[in-house]
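Reading through the structure tokens given below for one structure.
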Amino acid sequence: MANGYHAKTLPKDLNAPAFVDVWRTRALTVGVVFLVIAIILGFLSGDAWNHFLRAWLHGYMMCFNFCFGAMVLLMVQYLSGGKWGLIIRRPLEAMTRTWPLVLLLFLPVGIFGASFGKLYIWAKYADWAKALKNGLITNEQAHAIHFKHGILNVTSFWVYSLLTFAILALYVTLLNKWSLKRDADPEPNVPYWRTKFENLSGFGTLLYAILLFGVAIYWVMSLDPTWYSTVYGFQFLVAEGYGVLALSILTLIGLSRAEPMKTMFRGTEQHDMGKLCFAFTMLNMYLAFASFLIIWSGNSPEEIPWYLDRIRGNWGVIATLDVIFHWLIPFTLLLSSGLKRIKKRLAVVCCIMIFARAWDLWWLIEPNFPDARRNLHFSVGMLEYATLPVALVAFWLAYFFTQLKQRPLIATNDPHLVELLEPEHAHA
Amino acid sequence: MPEREGTYGLLAEFDTPSQLVRAAENAYAAGYRRMDCYTPYPVEEAAEAIGFHKNEVSLVCLIGGMLGVTAMFSLETWISVWSYPLNIAGRPYFSWPAFVVPAYEWTILFAGLSAAFGMLALNGLPQVYHPLFNAPNFRNGATSDKFFLCVEANDPKFEPAETRSFLEGFAPVSVVEVEY
């Protein structure tokens with residue numbers, strides 16, 4: 001702009017402000033306290049650590065959601081462009097670099113859940129004929145375990161999971177490495193880098209969707225081997241976008257108390273991300289309801305029990321609250337365009353969204369198990385869901401904050417950077 | 001109604017949105033209220049600068065959406081429960097999951113139409129005559145690359161000579177007097 005009115009200059013220090021260290025300390029404290037409580041509850045519950053392991057799966061899925069949801073959102077913003085993408089690029093990169101911790105969190109799920117068969121009945125009763133004879137599983141379960149043995153066996157589980165981690169780790173490494181190289185290689189080469197990232201991200205997004213569909217089936221859906229839904233993986237993909245957007249906005253709002261985000265995070269981009277949240281809220285509900293409506297209409301005995309397990313025996317209350325937390329509250333609040341521009345209120349909506357994601361996962365995971373199926377009841381073990389996932393996510397956050405400090409918060413070699421410094425009325 | 005005559009207002013022309021916003025903010029601070037900005041594309045800050053904080057389109061849209069969802073859901077309930085009850089695979093007559101999709105479609109339809117027509121109505125459209133089109137530079141530039149601020153003559157603070165020199169202080173391309 002020829003006229004310098006309202007124009008801003010790039011802050012000198014682009015590194016994360018010092019209070020990120022305070023965040024990390026707090027996250028670690030919360031993590032340790034909740035982990036200790038969860039372990040005590042594990043001893044008290046007297047169910048051979050079964051609920052502990054279920055809650056671990058829950059917390060692990062939350063961390064996986066944040067880490068690799070960030071990866072796919074990072075790739076999507078390279079493809080879509082836009083100033084909102086530039087402003088969240090570095091926070092998203094920091095989230096993806098937490099993958100070693102996520103892999104570490106997966107190991108108990110794989111070792112105890114699958115190899116020792118504590119979570120997955122297809123692993124526990126791989127010898128389905130014997131289990132059926134002893135009355136440990138139903139006819140339907142036996143049939144499903146037998147029929148799906150080609151996919152649902154411990155070897156395939158490990159091979160697929162580790163292969164997924166290997167491919168995703170490769171992508172995370174490339175995205176992070178090239179991003180630094182790009183910043184060090186200015187002007188004439190900008191189009192070269194843009195094309196390079198687009199090529200990486202285009203195929204990467206597709207590949208990620210395929211890999212995620214698989215792991216969602218292995219890790220969560222196969223807890224009940226009798227049921228299947230073709231939209232299941234897609235629901236997880238959308239839920240990842242939902243959770244990660246909320247977390248990114250919270251991070252930016254938190255960082256915007258100090259430079260450089262104070263200058264760089266404008267109302268326009270905040271509003272844009274609020275709108276994206278709104279879109280994901282709708283898409284999430286659309287998929288969840290579509291899947292329910294189709295199965296309800298079909299009313300087939302192969303499909304409907306999965307929903308009955310999650311509605312009867314007071315689970316209906318949880319399902320209704322899930323709709324309220326997941327859709328009704330964020331939807332009605334995000335309808336307002338004014339709210340999306342107010343940092344404090346948008347932050348509250350984002351917290352509700354992350355909580356709703358955890359609530360939904362609980363509703364997806366717990367009713368798979370015989371003691372909880374169609375029977376919502378209080379047990380000490382149930383409290384694990386309120387403690388262990390908090391601990392795991394807190395540890396993950398601490399690692400994320402460490403990574404956030406590793407790089408400047410703004411990627412500088414991008415044409416959008418100049419636009420972020422322009423007054424907000426300069427562009428349509 | 002007698003035909004209106006005389007000056008409609010003073011029209012200042014700017015090359016950039018920044019200049020327009022600066023002039024509009026200053027005019028508002030100087031006490032002018034009856035004025036408007038004209039830009040080739042939406043410039044939110046210009047609207048804010050002249051004290052235009054909130055519009056009612058979102059409210060109209062919300063009311064439209066609520067009407068849509070209520071109308072369709074009631075219609076479906078009435079048909080299925082009272083008017084023509086059908087036993088479909090033993091399901092209850094009031095099968096709300098099946099009602100959701102059409103009710104949702106009507107919400108979107110009503111909300112969309114209310115937003116579009118509400119926006120036109122609140123903008124005072126269709127309007128067959130507007131004095132600003134008497135200014136040739138407005139006709140040529142307002143929809144392509146020029147940014148205009150018009151201080152209207154019915155503003156209590158409006159004085160032809162004083163307002164003109166005030167506007168000229170912001171280095172506009174031109175300031176022209178527009179007749180009714």
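Listing for the model above:
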read-out: Per-pair calculated FRET efficiency, R0 = 30 Å: B:Tyr41 and A:Phe19 via Cβ, rounded to 0.05; value: 0.15
read-out: Nonlocal amide H pairs with B:Glu179, under 5 Å, H built at 1.01 Å; value: B:Tyr8
read-out: A:Thr195/A:Thr332 FRET efficiency (R0 56 Å; Cβ-Cβ; nearest 0.05); value: 0.85
read-out: Cα-based reach from A:Lys130 at 25 Å (exclusive), listing lysines while leaving out same-chain residues under 8 positions away; value: A:Lys118, A:Lys148
read-out: Rounded to whole Hz, the Karplus (6.51, -1.76, 1.60) HN-Hα couplings of segment B:71-84, x for glycine and proline; value: 4, 5, 5, 5, 4, 5, 4, 4, 4, 6, 9, 10, 6, 8
read-out: Centre separation in Å (Cα based) which lies between segment A:49-117 and segment B:2-41; value: 53 Å
read-out: Förster-model FRET efficiency, 30 Å R0, A:Leu107 and A:Leu174, C-beta, rounded to 0.05; value: 0.75
read-out: Karplus 3J(HN,Hα) series, Hz, for segment A:143-156 with 6.51 cos²θ - 1.76 cosθ + 1.60 (x for Gly, Pro); value: 4, 4, 4, 5, 5, 9, 4, x, 9, 8, 9, 4, 4, 4
read-out: Segment A:336-428: chymotrypsin sites (Phe, Trp or Tyr not before Pro) falling in loop per DSSP and having at most 16 other Cβ within 10 Å; value: A:Phe378
read-out: Longest DSSP-loop-exposure-free segment, GluC sites (Glu not before Pro), chain B, at most 10 other Cβ within 10 Å; value: B:6-180
read-out: A:Ala279-B:Glu48 pseudo-label distance in nm [points 7 Å out on the Cα-to-Cβ vector]; value: 2.3 nm
read-out: Unit charges at the beta carbon, dipole of the protein assembly as shown: most positive-side option, B:Tyr180, A:Trp327, A:Leu247; value: A:Leu247
read-out: When each of A:Lys340/B:Lys157; A:Lys83/A:Lys196; A:Lys8/A:Lys343; A:Lys343/B:Lys146; A:Lys275/B:Lys157 is checked by Cα-Cα distance, pairs over 29 Å; value: A:Lys340/B:Lys157; A:Lys343/B:Lys146; A:Lys275/B:Lys157
read-out: Loop-located trypsin sites (Lys or Arg not before Pro) in segment B:17-54 whose Cβ has at most 10 other Cβ within 10 Å (DSSP); value: B:Lys54
read-out: Test item: A:291-302 mean partner chain Cβ contacts at 10 Å; value: 2
read-out: Within the protein assembly as shown, helix-based [θ] at 222 nm, where runs of 4 or more DSSP H residues each add -39,500 (n - 2.57), nearest 500; value: -20500 deg cm²/dmol
read-out: About the Cα centre, charge dipole magnitude for segment B:1-139 (Lys/Arg +1, Asp/Glu -1 at Cβ), debye; value: 320 debye
read-out: In Hz, Karplus ³J(HN,Hα) per residue of segment A:200-207 (6.51, -1.76, 1.60; θ = phi - 60°; x = Gly, Pro); value: 5, 6, x, 5, x, 4, 5, 4
read-out: Distant-in-sequence amide H partners of A:Ala126 (H built 1.01 Å from N, under 5 Å); value: none
read-out: Cα-projected label distance for A:Ala209 with A:Cys351, points at 7 Å along beta-carbon direction, nm; value: 3.5 nm
read-out: Sparse-neighbourhood loop sites, trypsin sites (Lys or Arg not before Pro) in segment A:123-171 - DSSP loop, at most 15 other Cβ within 10 angstrom; value: A:Lys148
read-out: Label point at A:His149 placed 7 Å out along Cα→Cβ; residues across segment A:204-240 whose backbone nitrogen lies under 11 Å; value: none
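Any read-out appearing in this document is the output of simple, stated calculations on the displayed coordinates, not a laboratory observation. The shown structure was predicted, so the numbers you read here are calculated from the model rather than taken from an experiment. Because the Cβ atoms are built from the backbone with ideal geometry, glycine has one as well, and the counts that use them run over all protein chains shown.
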